[in-house]
Structures are given as structure tokens and as C-alpha cells.
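Structure first, commentary second.
What follows is calculated from the coordinates using simple rules that are stated; it is not laboratory data. As the structure is a computational prediction, the values presented were derived from the model and not from experiment. All Cβ positions, even for glycine, are placed from backbone atoms using ideal geometry, and neighbour counts span all protein chains on display.
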């Protein structure tokens, strides 16, 4: 009975981390389309 809440918390943590990784990937892709480089969470070298 005690395992179910612990399993739920672990699953929620994994889903949260997957969302962060996915968002970082999308950010780097948008930066590459804008001809920049994603560095330290920022897009540098943008061409406008």
C-alpha cells in the first residue's frame, strides 16, 4: 500500500525532468533555425 504513493512521486519527477529536457531541445532547435548557438540557456549569435 505504501509503494503506490512513492511510485507516483517518482513518476511525476521523471515526467517533470522529461519536460525540461524536451523544452531545452526545442529551445536549441529554435536557436539553430535563427542561426544562433544555444549556450548557457541563451541563444547567442542570432542573425536577424
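Quick look at the values:
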read-out	value
Of all residues making up segment 33-48, the number that are surrounded by fewer than 10 Cβ atoms within 10 Å (Cβ to Cβ) and not in a helix (DSSP H, G or I)	4
Filter result for the condition that a residue is outside any strand (DSSP E or B) and surrounded by 10 or more Cβ atoms within 10 Å (Cβ to Cβ), over 30, 4	30
Condition check for residue 10: assigned to a helix (DSSP H, G or I) and exposed (fewer than 10 other Cβ atoms within 10 Å of the Cβ)	no
